[in-house]
Each structure stands twice: as structure tokens, then as C-alpha cells.
Amino acid sequence: MRQGAVLGIALAALLASMATARSPAPVNDAAVQEGMPRTLSEYGFFADLRAQTATYGVEEYSLNTPLWSDGAEKLRFVYVPKGTQLAAGGDGLLQFPVGSAIIKTFAFGEGPDRRLIETRVLLHRADGWLALPYRWNAGQTDAALALAGGRVDLTTPAGEAISYRIPNKNQCKDCHSKDGVVIPLGPKARNLSRDWLEGMVAAGRLDAVPSGADSLPRWTGRSSAAEIAPYARAYLDVNCAHCHQPGGGASNSGLDLRWEQHEPVALGVMKRPVAAGRGAGGHLFDILPGKPDQSILVYRMESKEPGVVMPEIGTSTIDRDGTAVVRQWIAEMEAQ
Amino acid sequence: MTRMNLICAAALAALAAPLVAAEHRVDAGEGAQERLQEALILAEPGDEIVLGAGRFALTDGLSLAVDGVTVRGAGPQLTVLDFTAQQGSGEGLLVTSDNVTLRDFALENPKGDGIKSKGADMIVYHRIRVTWTGGPKAENGAYGIYPVESTGVLVSHSEVSGASDAGIYVGQSRLITVRNSVATDNVAGIEIENSRDAVVTQNYVTRNTGGILVFDLPDLPVMGGGNVLVTNNLVAGNNTPNFAPPGNIVAGVPRGTGIMVMANENVWIEGNVVQDNPTAPFMVIAYTQKFEDARYNPFPREVVIADNVTDLGATDPDLPGGAMLLAAFGGTLPPILWDGLQQDPDTPALRAAGDVPGWSLNLTRQGQSLGEAQPGPLAVPTFGQPWDMAGIGAPAELEARIR
């Protein structure tokens, strides 16, 4: 054997060992920025896909008040490409550089029984955000692009057997859009913890802690809360306001459930429905102060019937904790 | 063909190409939900999605978000999107993109609305049928054909029955034509709400609670409805008991209403045949509820009931004290009913043809109870020249699409 060949083999071995030592592998930026990858693994967001262990550059985060999804455990991550950073953009969304991604995995079951159901990705490309749903396979080895969405039979933590709906690509847009443009929903500065934001700044991945950060209450604190209104308003902001705001999918209703809205009628107080159809449930107002049982808002949150239930998509079961908080908020309003 | 001709032909073909960039065929049968939804997602602007004849069994709402797409079936009796087993979504089909043409297919039994198009400018509904097959029921979905917040809407040769709110409902939109369509067995047959520059013409509207409604409501992003022509419609036999779930504004529409205008300006009603609507062939009223919206005008202004073909009037009014009213008027209520409310004397709520009798509730303030009515004969000014109607109705480009 010639010396060159020996050297070549040694070099290859060295490179191979470096490759394993160098794990985790970086995110596949090309997959984030072009095409529609057929599988979740192509992005390389995870060092261990099944365990949902993030790779370098992918940061896990949580929300003060999360969106209800049938009781699913949700694993949330942001990816910002090397050499770029998030920017503080007031009290609204963080500003994501092109090439970023937001990843959310929905899981049911605990410990070794945990099953990953779907992973939704939002990819920030040169021409805007693209939302894609991925459905996990039975062996839990990878998730495949599910443009048309799908249904999965499962049992929720509350013990309800449901046909869980994975949204199709357009349904992602139903919620993730404002003025016809796809936008992220979750990582708003007001719904992110100050600790996490400061950690991101310290790591150089965010330029500054945004003003208005961390102002939504932590949902877990609601049972010992002195005042219920902030929890109810945070719940409505996170679960409803992506559609019920000017420019949102339900803007034609005139109902505006954003945290920063303070006009009672815009929030539904003594507001008559317009296009609610049988969703009104025989009630005259979205919110009748003091009377949750006569408020359309509660009626629709407590329904499971398509055409009545709110939100229209994204859940198959009633959020008992969420409706209890909204009920209490309405019950404590001074009757008019 | 010479080389030059070839180049010309190629250039022409390139110009014509965006009209139908590609055709995607979807047939009924196994996996129709996924196959049809994928086609709607993967379509490119200019593409046509062709639905085969047959019954598509669907379990979830469909949605289209690509501009310039045509969805074409084999005909409103032959291609049926069947939502009887629908488990999710607030409508059968949701369209959120511009320049879309929907034609030649039907939806049956959607759980919420039939087809909703929101912020979808320049949309055509042609030969679309939406049917709740069990007839009028409170459990039926709200709206059949439901364009909202859009500029440029053409609904033509379509048919809706069974809607628990309005069969064909256009809301918060501009430049609208609803024409050559049939609305039966709905609470409201055709409703134009918070919209401007609309033409409702040559429709057959029967067996609804109320036939054609032109409304303006408060607390909505888009308000100030007006410039509406209601002409050459057959509005007959609208006498279905109101089956709207309580709480909806149309739940207050009396059974037996023909053409009703509430809080709107410049509504011209002419050339309609309005027969057998036993509460009121024509009704013009102010908004009845309390409101705080400073942008809102609750009064009708310059509503014109010009020459129409109507009967003697109402013989079985769905109004408080109906029997006493009938007796007072000699057994038949005159064809035009006005509540007596107007913004100011210089802005008449209503003008009418001199030879068509009417009656007024003679209310004196917005929101007043009907119990305080002082019924009496109608005395309103006659109408003059129609206003300039150019620029009202769907843009010509939409008409051209279905020729």
C-alpha cells in the first residue's frame, strides 16, 4: 500500500471521528429557506428527534399563558441562524431575521408513553413566513409533511377519546395571519419570561429585552390570583385574538380580544352578534356582565359542535380551566 | 408556418397562458378530503381545479388561499361536496385569496357556513348550490354563500336553501352583484349588510321568513351601507316561520316580509314582483336596538320604492296586535310598512310611488317599543330621478369571467 493511500484512510477516519464528536450537526439552512422538505428530520433542528433535544442554535422556550390544544404537551423552539439575532420590536412580536424558524411539537401521554403527534414549523423566508405541518409516524422515528392535515385518534390527559385534527397548511394560515400576511403568534414579548429573554440577550441571540416583555400573567398562577381579570384577558389574547383583532381572520365580527384593547364593546360587553348564526345559542350579547350563562362568548367556548365552537379550529375538546376563568371574569363584572 | 409566425404564436400563447396555467383533476372517492385539500394548497395562480361528478364525502372544512384559482365542478346537481359528516371548521369552504372563481358545484349540509370568502376581492360564485337537505331547521348552518370584507363580488345562477340566517349574505363589501339566483327556505333569502354599491336583480326569492334584506348594523369594522339597487326580483310567498336561533339580528325579522330595508341610504327598489308576503311586501325601518357607536346612523335615508308589481298587501301579519291592525285597516294592511322614523325632514327615510298605499307606525324615536305605535296612513314624498347608478355592481371583469 502506498503511503498516500494510508494517509487518506487515516484522514477519513479522523474526519469521521470528528463528525461524531462534533455532534450535534448544524441546522440545514437550505431546508429552512427553500422548498417544502418532506420530513422533519431534513431540517436538522434536533440532535435527537424522538427526544426533542434541540441542536445548536435552536432554543427551547415556554409561554406565560399558553394556547389550549386539547391538553397537548407542547414543545416550543426558535431557531436563529448563526451570525444573526432576534430584535426587540416593542411589546409585539420579536423580530425574526430571515432564515429563522419557529418549531412546535404536540405530544400526548407522559414519560415513556409520550407520543409525538405533529410538529408545526414556521419558516421565515425572503418572501415571508411559511407554515407547514408534519405528522409523526407510528414508529416515532420522523414526521412527514402533511399538507392536507389529517386526523389521529387519541386520548387527552382529561381522559377524552378524540379525533385529533392536524391542521392543513391553509388552516395554519387561518390563525397565523394578519392583513393577509402570515405571522408568528406565540413568541410575543409580552408572553415570554424576562429570564428567558435576558438569557437570550446574554447569549447574543437577542439584541435587547423588549419593552412590555413578560406582562402577561403566568397561567399557572391563576388559582391563587387576587384578581381574575388579567388571567381572563390573557387567555382571550392568546387563544382568540389572533382572529379577533383588526386585520385578523374574524375581523368582520368587530370583536377585538387583544390584551391592549380596553373598549368594553370591542371586547364583547353588551355587543350583539352579527354573523354568529346558531353560534349565538339564543343569547343576545357576546358578554352580558354578571351573566356568563347568557354570554355568547362562554356558550361558544363550551361547545364542541362545528359551526358553534370557538375557536373554529385547533381544538376538539372544551378547555374547562380556560372557560372557568372567563366565566368568573364575566360573573364578577358589574351587571348593566 | 414561417419562423416569424411561430414566434408570434409563441408570444400569444405566453400571453394567454396565465389564464389556465394548469388543470388539476380531483374525483370523488377514497381520500377525497386530503386529495382535494392538497390540490387547493398546491394550486398556482391561474390554475384550475376540476372536480369530477359525484359525491365527495368530507370530514373537515376546506380552504383556498391562492390567488387567481378557479374551482370548477361538473354542475351544481352533479358535483356535491357532502359535509354531512363534518367534524371541524366553521364553514365548508373558506376562501381568503383574490380573483377566485367558484363554479358548477354544490355543498350539502355544512355544519357552519357554506362557502365563506373573507377579504377575497374579485370573487365569482357561478352556479353554486348550497343546500341543507333537511329543510329549514335552527340546527342548520348560518350562511350559504357568504362573501365578507371584499371588493368585487358576483353571485350568479346560484341557489341556497335551508340557511338558519341568510341564504346569500354579502357583508362589509363593495361592488356587488347578486343575480339570477334562487333563495328558498332560509330565514333571510338574500341579505346585503354594511355594504355599498350593490345590485340585487333577477332573483327568485321564496319560502324564506324574509325575502330580500338591506341592513346596516353598528359596531362593525365596515359600516355605512348604501347605494343598493333591488330590481326585477320575484319575491313571493315568503312565509316560513322564523327559525333563526334567538340572538341573531334576523331572528327579529317577521315571518312574511318581502323586501326590508333597515338603516341604509340610497336604496332603489323597482321592477320587482312582490306577492304573497303576508306581513309586509315592503318594510322600511330604523335600527331598533340601543347602540353607542358614534359612527352609526340608525335611520334609513332616501329609500325609494318605485314601480313594482305587488298585491293588495298583508293579510296575516307577524306583528304584535296583528289582528287588531288588520281590523283597523279593513282586513288588509297596505303594501308599504314604515316605522315613521327618519334622520330629519330634509332627509326623507322613504319616497314611494304615489299610487301604492302604505301605513306608518308613526314612532317618534329610535328604539321605541312597538306598543307605542300610532298606526296611520303613509304620507311620504314621491321619488324623482334615480341617482347616477354607474359604477354600482360587480366590475365588468367578473361578468366577463363567466361568459
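General observations
- Residue, farthest from the other protein chains (Cβ to nearest Cβ), within region B:155-202, restricted to residues that are acidic (D, E) and on the phi > 0 side of the Ramachandran plot: B:D197
- Given (1) modelled with pLDDT of 95 or more; (2) touching a helix residue (DSSP H, G or I) at 6+ places or on another chain (Cβ under 9 Å), number of the condition B:T240 does not satisfy: (2)
- Some residue of region B:255-278 being out of contact with any Pro (no Cβ under 6 Å at 6 or more places or on another chain) and within 11 Å of chain A (Cβ to nearest Cβ): no
- Qualifying residue in region A:267-277 (condition: closer than 24 Å to B:F243 by Cβ, within 24 Å of the chain's Cα centre (by Cα) and not in a loop (DSSP other than H, G, I, E, B)): no
- Residues within region B:263-286 that are outside any strand (DSSP E or B) and either more than 19 Å from the chain's Cα centre (by Cα) or β-branched (V, I, T) (or both), tallied: 4
- Boolean, B:L217 is surrounded by 18 or more Cβ atoms within 10 Å (Cβ to Cβ), within 14 Å of another protein chain (Cβ to nearest Cβ), part of a strand (DSSP E or B) and at negative phi: no
- Only residues that are free of Cβ contacts under 8 Å to residues at least 12 places away in the same chain, of a type in the set (G, A, S) and more than 8 Å from every other protein chain (Cβ to nearest Cβ) were counted across region A:268-325, and they come to 1.
- Looking across region B:41-65, just one residue is more than 13 Å from chain A (Cβ to nearest Cβ), β-branched (V, I, T) and surrounded by fewer than 21 Cβ atoms within 10 Å (Cβ to Cβ), and that is B:V50.
- Cβ separations smaller than 6 Å between residues 6+ apart or across chains give the following pairs from region A:165-184 residues that are under 21 Å from B:E34 (Cα atoms) to residues that are of a type in the set (D, E): A:I166/A:E118.
- Any hit, region A:95-105, residues being surrounded by fewer than 22 Cβ atoms within 10 Å (Cβ to Cβ) and within 14 Å of chain B (Cβ to nearest Cβ): no
- The set of residues in region A:176-202 being out of contact with any Pro (no Cβ under 8 Å at 6 or more places or on another chain), buried (at least 21 other Cβ atoms within 10 Å of the Cβ) and in a helix (DSSP H, G or I) consists of A:R190, A:N191, A:M200.
- Taking region A:235-266 as the range and being assigned to a helix (DSSP H, G or I) and either under 21 Å from B:G171 (Cα atoms) or of a type in the set (D, E) (or both) as the test, the residues that pass are A:D237, A:S251, A:N252, A:S253.
- Residue list for region A:132-146, restricted to those being among the aliphatic types (A, V, I, L, M), without any contact (Cβ under 8 Å) to a residue 60 or more places away in the chain and either within 11 Å of another protein chain (Cβ to nearest Cβ) or touching an Asp or Glu at 6+ places or on another chain (Cβ under 8 Å) (or both): A:A146
- Restricting region B:230-243 to residues that are aliphatic (A, V, I, L, M) and crowded, with 23+ Cβ neighbours inside 10 Å leaves a set whose member that is nearest to the other protein chains (Cβ to nearest Cβ) is B:V230.
- Test result for A:N252, of a type in the set (S, T, N, Q), surrounded by 22 or more Cβ atoms within 10 Å (Cβ to Cβ), under 18 Å from A:M310 (Cα atoms) and within 10 Å of chain B (Cβ to nearest Cβ): yes
- Odd one out for B:N99 among (1) within 10 Å of chain A (Cβ to nearest Cβ); (2) over 22 Å from B:G167 (Cα atoms): (1)
- All positions within region A:248-277 that are farther than 15 Å from A:P289 by Cβ and in contact with a helix residue (DSSP H, G or I) (Cβ under 8 Å, 6 or more places away or on another chain): A:G249, A:L257, A:R258, A:W259, A:P273, A:V274, A:A275, A:A276
The values are calculated or read from the model by the stated rules, or taken from the named source; none is laboratory data. Here the structure is a predicted model, which means the values were calculated and not measured. Virtual Cβ from ideal backbone geometry, glycine too; neighbours counted across all protein chains shown.
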